[in-house]
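First up is the structure itself, then whatever we jot down about it.
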Amino acid sequence: MFLGACLESALVAQAIAPRTFRATAGEFRTATLGDGVPSMAAITSTRTTPALEFPIRIETTSAPEPSGLKLVIPPATPAGEYTINVAGDDENGRPVSATLQVSVDAVTVPPAATGRIPVVLLNGFQLVCTNKASTVAASADFFGQLASLLQLDGAPVVFFNNCSYPDISIEQLGGQLGTYIAALQYTDGTPVTQVDLVAHSMGGLIARAYLAGKAQSSGAFSPPANHRVRKTHLSYSRVAKHLNARFG
């Protein structure tokens, strides 16, 4: 009987052993009980190691998603290995905790056969952020078919979703955009040296804050020496109208 209990405990421990979550910067992953994560009704604290200016965000899931934790990885998160310690309360108010291992890959784009440089889409202000992923597929929630039309036109496309971040300033988002652009690389490992920006609404303010090097303190500016931006399109409607007319 004792042996049976030990075997049962070992099997349960094996079933819920924490695993490493792998994702590209800007994606999200969901950790459930099968991943070694206890059920949490509320999160009380998180700690990311090594420390990040804007850490990987941990949120509780809601129906219809399975019970667990959602890991939202901001798009400018540097590639690397991270450990996240999460503490919270279960449905009965009892304290629970989990340790998550996350492997983050850099954002890459395929080189365009036509020589077109990549396009970075920047969304505007969202009263409620229902989609926090910075993926091309997620951009459809904000830009419709614009990414697909640009790709048909031969341009690689990526998406910088400001919803991936907590409630931070335009200047901070501009800084994160700069970090994101500087880290972009092609799938062959060579760096992306130039991009075009297509910004909608507040996305234009984020682009301007980055290009001007605007700090949070009033009147402080430090423009980047090499911003890598060729053109900035601040009117999404005009770009969409042109591409829709071209491709029907």
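Given points 7 Å out from each Cα along the Cα-Cβ axis, report the residue 231 to residue 49 separation in nanometres with one decimal.
Distance between label points: 4.9 nm.
Carbon and sulfur together cover what percent of the accessible area of the chain at a 1.4 Å probe radius?
Numbers: 7110 of 12800 Å².
Within the chain, the accessible surface is 56 percent carbon and sulfur.
For a quick check of understanding: with a 1.4 angstrom probe and all protein chains in place, what accessible area in square angstrom does residue 164 have, to the nearest ten?
Estimated to the nearest 10 Å², residue 164 gives 0 Å².
Calculate for the chain the 222 nm mean residue ellipticity that helices alone would give, adding -39,500 (n - 2.57) per DSSP H run of length 4 or more and normalising by residue count, nearest 500 deg cm²/dmol. Each step should come with its number before you reach the end.
Details: 6 runs with 66 residues, N = 248.
After summing the helix terms and dividing by residue count, I get -8000 deg cm²/dmol.
At 1.4 Å probe size, put 21, 28, 142 in order of accessible surface, largest to smallest.
Values: 21 5, 28 75, 142 40 Å².
Highest to lowest solvent-accessible surface, that is 28, 142, 21.
Leaving ligands, DNA and RNA out of it, rank 228, 29 by accessible area with a 1.4 Å probe, largest first.
Order by accessible area, largest first: 29, 228.
Expressed as a fraction of 2.2 N^0.38 Å, the rule-of-thumb size for a compact globular protein of N residues, what is the C-alpha radius of gyration of the chain?
Here the Cα radius of gyration is 1.16 times the empirical estimate.
For the range 107-219, what class follows from the C-alpha gyration tensor (a ≥ b ≥ c being the square roots of its eigenvalues): rounded when a/c is under 1.5, otherwise prolate if a/b is larger than b/c, else oblate?
Values: a/c = 2.03, a/b = 1.35, b/c = 1.50.
Taking the square roots of the gyration eigenvalues as a ≥ b ≥ c, the range 107-219 is oblate.
Rolling a 1.4 Å sphere over the protein heavy atoms, what is the accessible area per residue of the chain, to the nearest Å²? Show your work: numbers first, answer last.
Numbers: 12800 Å² over 248 residues.
Value for the chain: 52 Å² per residue.
The values are calculated or read from the model by the stated rules, or taken from the named source; none is laboratory data. What you are looking at is a predicted structure, and each value in this text was computed from that prediction instead of being measured. No Cβ is skipped: glycine too gets one built from the backbone with ideal geometry, and neighbour counts run over all protein chains shown. Calculation scope for accessible area: heavy atoms of the full protein, side chains included, ligands and nucleic acids excluded. Shrake-Rupley method; radii C 1.70, N 1.55, O 1.52, S 1.80 Å.
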